[in-house]
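Engineer: I am attaching a structure below and will ask some questions about it afterwards.
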Amino acid sequence: MNTTNPVGVVPLQYDAFKKRDPETYTAERIYTDIADAGYVGVPVGPYSGESPDAVTAKLAGFGLKPAPAYLAGGEPWKSANRAPLVEKAKRFAAFAAGVSVSECLIDADGWGYHTKSGKTRPELAGRITSADGLNTDELKHLAETLNAVGSAMLATGNVRACLHNHVGTVIESETEFENVLAMTDPDTLFIGLDTGHLAWAGADVPVFVERYAPRIAAIHLKDIHPGVRAKGVAESWKYGTFAQNGLFAELGEGFVDFPRILATLQNANYHGWLLVETDVTTKATPRESLRISREYLRKLGY
């Protein structure tokens, strides 16, 4: 049994259930389900206005610990957005340090980014081409801003900013991810990988992990169904249509090669969080979703 990597969960599979039945799916219910399934942490950030000590104490009441949070990038390819994003990053870093978390994931945004075709990135989900990305100046501004964010977070709380890939944003494809990584300081900006979104974008995820393992500081373990992906790409589905048709899978029920990915991380001495994430579940309950993925990781020794 591997005991060096804490296993947490980003409980997105509860979102739809909370909307339908908020009285049942309270925070207390969700935290109880998470702990009962065998996870030890959940992401927390400066969202509620509560102090780091208060948040830590609340989670401890359920036997849980704070895990790395998610910072929305806010169109970081626009130079005018750099200063406010850096200030926001400082707040996130201070909070993370206050809850004894040393990483924070940050995305590159782009949900409303219009490509040369006139379509938005979510409308082109899973089939991005080189013509759909940032132009040279935008890419330069993005890299500079991410370096600034990384420096600010390290200086504020010794927190590592981890660039997070996500379908529908301007860091979707493997090429887009690698371009930004090549333009940023590896000692300042780290990787917060989402395995499922990279697979959805068409990348060979285990090969990517083997190439960049030393720079990976946080990871979302996500699985997807290859048949749903293939059908959606062939039929030019929008982002939401993939989710509605059951793209997201519990760990081990899709096609992402987690044994190979985790072995690579272990060989690279990765001791960080393993954060399970299923964006939308097709299971009867989110509790069942939690259980399936946790049992799968146990079988792999985690």
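The values are calculated or read from the model by the stated rules, or taken from the named source; none is laboratory data. Everything quoted here is computed from the prediction, not taken from an experiment. Note that each Cβ is placed from the backbone with ideal geometry, even for glycine, and that neighbours are counted across all protein chains shown.
Engineer: Restricting to region 25-52, name every residue that is hydroxyl-bearing (S, T, Y), at pLDDT 95 or above and not in a helix (DSSP H, G or I).
Structural biologist: Y25, T26, Y39, S51
Engineer: Do you know which residues across region 90-119 are part of a helix (DSSP H, G or I), in contact with a Ser or Thr (Cβ under 8 Å, 6 or more places away or on another chain) and buried (at least 16 other Cβ atoms within 10 Å of the Cβ)?
Structural biologist: K90, A93, A96, A97, G98 - these are the residues of region 90-119 that are part of a helix (DSSP H, G or I), in contact with a Ser or Thr (Cβ under 8 Å, 6 or more places away or on another chain) and buried (at least 16 other Cβ atoms within 10 Å of the Cβ).
Engineer: Filter region 255-297 down to residues that are under 30 Å from A96 (Cβ atoms), of a type outside the set (A, V, I, L, M) and either surrounded by 18 or more Cβ atoms within 10 Å (Cβ to Cβ) or within 18 Å of the chain's Cα centre (by Cα) (or both), then give me how many there are.
Structural biologist: Residues meeting the conditions: 16.
Results for (1) surrounded by fewer than 23 Cβ atoms within 10 Å (Cβ to Cβ); (2) of a type in the set (A, V, I, L, M, F, W, C); (3) assigned to a loop (DSSP other than H, G, I, E, B); (4) touching a helix residue (DSSP H, G or I) at 6+ places or on another chain (Cβ under 6 Å), shown as yes or no for each residue.
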| residue | (1), (2), (3), (4) |
| --- | --- |
| E123 | yes, no, no, no |
| R127 | yes, no, yes, yes |
| V167 | no, yes, yes, yes |
| I171 | no, yes, yes, yes |
| L193 | no, yes, no, no |
| H197 | no, no, no, no |
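Engineer: Hey, can you tell me all the residues within region 198-223 that are over 16 Å from I128 (Cβ atoms), aliphatic (A, V, I, L, M) and free of Cβ contacts under 8 Å to residues at least 40 places away in the same chain?
Structural biologist: If the condition is that a residue be over 16 Å from I128 (Cβ atoms), aliphatic (A, V, I, L, M) and free of Cβ contacts under 8 Å to residues at least 40 places away in the same chain, then V207 is the only one that fits.
Engineer: If you go through region 76-89, how many residues are surrounded by fewer than 23 Cβ atoms within 10 Å (Cβ to Cβ) and under 22 Å from I219 (Cα atoms)?
Structural biologist: Final tally of qualifying residues: 1.
Engineer: Inspect region 176-187 for any residue being touching a residue at least 40 places away in the same chain (Cβ under 8 Å), touching a helix residue (DSSP H, G or I) at 6+ places or on another chain (Cβ under 7 Å) and surrounded by 24 or more Cβ atoms within 10 Å (Cβ to Cβ) and give the result as yes or no.
Structural biologist: No, every residue in region 176-187 fails to be touching a residue at least 40 places away in the same chain (Cβ under 8 Å), touching a helix residue (DSSP H, G or I) at 6+ places or on another chain (Cβ under 7 Å) and surrounded by 24 or more Cβ atoms within 10 Å (Cβ to Cβ).
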